[in-house]
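Visitor: Mind having a look at this structure? Questions to follow.
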Amino acid sequence: MKKTTGTDRSVTRNWRPATQAVRGGTWRSEHGETSEALFLTSGYTFHSAGEVADRFAGEAEGMTYSRLQNPTVAMLEERIALLEGAEACRAQASGMAAMTTALLCQLETGDHVVAARAAFGSCRWLVDTLLPKFGIETTVIDSAVNEAWDAAIRPNTKVFFFETPANPTLDIVDLAYVCGLAKSRGITTVVDNAFATAALQRPMEFGADVIAYSATKLMDGQGRVLAGAVCGSEEFINDVLLPFQRNTGPNLAPFNAWVVHKGLETLSLRAHKQSENALALGTMIESRVPKILHPGLASHPRHALAMQQMDAAGPIFSFVVDGGRAQAHAILDALELIDISNNIGDARSLMCHPASTTHAGMTDEAREEMGVTEGMLRINVGLEDIEDLTEDIDRALSAAGL
Ligand SMILES: *Cc1c(COP(=O)(O)O)cnc(C)c1O
């Protein structure tokens with residue numbers, strides 16, 4: 001396998017993101033295929049016993065077993081790392097595999113984690129339920145208050161864990177402040193960048209240490225596969241994450257890696273166009289509902305900060321109606337174009353009621369504290385014509401009495 005057109009890593013590293021998205025991490029076989037090959041293989045064969053011994057000893061480069069490396073997965077990992085501006089990346093079976101691996105690989109009994117209150121339901125389960133089972137202390141804070149991060153630090157604090165924008169309240173974390181604070185205290189930041197991706201926000205430029213992804217969302221972007229990734233320094237990935245991953249096996253299947261690799265070619269175009277549609281739709285919805293949570297709108301409490309650290313506000317936002325679950329469900333049931341679905345990042349517009357779906361597993365108190373109310377709806381805005389989307393929302397709001 002040969003590396004891409006430019007085989008010199010020092011040249012390919014310097015390509016700009018748009019180029020990396022279609023060229024980064026292309027390795028060609030002796031056939032010179034245009035599109036990246038799909039290696040559906042679990043194992044590899046060797047010319048000699050000495051060759052395989054050298055590979056296992058780490059003295060020769062090459063594949064040994066697909067839980068350790070696979071060419072198709074490695075191409076995806078290289079492309080994501082180049083887009084993210086990270087030294088290294090390892091793909092994971094899903095976003096939650098990425099979160100679990102990124103946290104468990106570096107934590108041990110007696111450590112303390114400070115995590116954002118507003119988070120994807122399963123991320124909160126890791127913090128509230130899984131980590132404490134292993135004697136890892138956790139503190140959940142309002143991530144949009146800078147001082148709350150300082151106040152939560154203990155002598156044994158090892159990790160800061162947060163999303164920005166956060167699901168589904170669209171809370172924005174001050175990346176420069178929080179990553180800077182963590183650095184000054186020797187704390188590792190783990191940032192879940194699923195809502196933005198490197199196309200819209202690169203947390204490493206603000207000092208983040210580890211980026212954990214659900215690649216199921218914008219990276220695939222077409223609602224096809226579950227996938228995840230963890231990016232970090234070579235030292236973190238090779239010395240901390242890899243020993244955990246190689247022995248526990250949350251690996252991404254080659255076929256799913258190939259699908260995401262294809263998705264990355266259009267990531268930036270999709271992320272920007274979907275952001276544009278989401279801003280237009282958000283502006284229209286804002287005039288009809290009591291509350292909207294959209295970082296691209298001036299009404300968002302951290303709008304200025306969001307625009308400072310993001311290229312665009314992304315395709316996802318939430319809004320709240322006064323009529324609780326009944327009115328929220330009535331809006332969903334009146335939609336004709338936009339699908340009722342809890343997925344996000346898709347090229348199709350999708351809407352869901354977080355309190356009865358993505359965040360249904362939480363206690364009422366935890367949901368309330370997070371701001372996930374019964375009247376909240378979350379929308380992922382896709383690539384459809386904005387006029388059709390506007391008409392659909394207009395009809396659904398009217399049908400629900402708004
Ligand atoms: C979807 C999502 C996850 C989990 O990803 P999966 O690929 O579904 O496992 C984690 N964090 C955020 C912010 C998400 O939106």
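Visitor: For each of 125, 258, count neighbouring Cβ atoms within 10 Å of the residue's Cβ, then give the residues from fewest to most. Before the final figure, lay out each step's value.
Guide: Values: 125 16, 258 22.
So the ranking, lowest neighbour count to highest, is 125, 258.
Visitor: Can you give me the convex hull volume of the Cα atoms of the stretch 1-140, divided per residue and expressed in Å³?
Guide: Residue-normalised Cα hull volume stands at 168 Å³.
Visitor: To continue, here is another question. Modelling each spin label as a point 7 Å along the Cα-to-Cβ direction, I'd like the residue 303/residue 64 distance in nm, to one decimal.
Guide: 5.6
Visitor: How high is the FRET efficiency between residue 128 and residue 150 when r is their beta carbon distance and R₀ equals 22 Å, given to the nearest 0.05? Could you put the intermediate results ahead of the total?
Guide: On the way: r = 22 Å, r/R0 = 1.01.
Calculated value: 0.50.
Visitor: Name the shape class, rounded, prolate or oblate, that the alpha-carbon gyration tensor gives for the stretch 85-220, where a ≥ b ≥ c are the square roots of its eigenvalues, rounded holds for a/c under 1.5, and otherwise prolate holds if a/b is larger than b/c and oblate otherwise.
Guide: Judged from the Cα gyration tensor, the stretch 85-220 comes out rounded (a/c under 1.5).
Visitor: OK, next. Just from its helices, what would the mean residue ellipticity at 222 nm be for the chain, if runs of 4 or more DSSP H residues each count -39500 (n - 2.57) and the sum is divided by every residue, rounded to the nearest 500 deg cm²/dmol?
Guide: On the way: 15 runs with 142 residues, N = 402.
Taken over the chain, the calculation gives -10000 deg cm²/dmol.
Visitor: Can you give the FRET efficiency to the nearest 0.05 for residue 19 and residue 385, using r as the Cβ-Cβ distance and R₀ = 22 Å?
Guide: The formula returns an efficiency of 0.15 here.
Visitor: Counting DSSP beta bridges with both partners in the stretch 267-399, what percentage is antiparallel, nearest 5?
Guide: Working: 11 of 13 bridges.
Looking only at bridges with both residues in the stretch 267-399, the antiparallel portion is about 85 percent.
Visitor: Viscosity 1.567 mPa s, temperature 4 °C: give me the Stokes-Einstein translational D for the stretch 267-399 in µm²/s, with Rh taken as the Kirkwood radius over C-alpha pairs.
Guide: The estimated diffusion coefficient comes to 87 µm²/s.
Visitor: Estimate the FRET efficiency between residue 322 and residue 30 by the formula 1/(1 + (r/R0)^6), using the beta-carbon distance for r and 60 Å for R0, to the nearest 0.05.
Guide: It comes to 0.40.
Visitor: Here is a further query. How do 16, 117 line up, fewest other C-beta atoms within 10 Å first?
Guide: 16, 117
Visitor: Another question about this same structure. Report the Stokes-Einstein translational diffusion coefficient (µm² s⁻¹, integer) for the stretch 154-293, Rh taken as the Kirkwood radius over Cα pairs, at 10 °C with viscosity 1.306 mPa s.
Guide: Translational diffusion coefficient: 94 µm²/s.
Visitor: Give me the one-decimal nm value for the distance between modelled label points at residue 238 and residue 337, 7 Å along each residue's Cα-to-Cβ direction.
Guide: 5.1
Visitor: Among 302, 202, which comes first, then next, by fewest other beta-carbon atoms within 10 Å?
Guide: Ranking 302, 202 by Cβ neighbours within 10 Å, fewest first, gives 302, 202.
Visitor: Moving on to the next point. Using the alpha carbons of the chain, what is the convex hull volume per residue in cubic angstrom, as a whole number?
Guide: 139
Visitor: Okay, moving on. How big, in percent, is the set of alpha carbon pairs in the stretch 16-97 lying more than 19 Å apart?
Guide: Here the long-distance tail beyond 19 Å is 49 percent of all Cα pairs in the stretch 16-97.
Bear in mind that the values in this text are calculations on the coordinates, not laboratory data. What you are looking at is a predicted structure, and each value in this text was computed from that prediction instead of being measured. Reconstructed Cβ throughout: ideal geometry from the backbone, glycine too, with neighbour counts over all protein chains shown.
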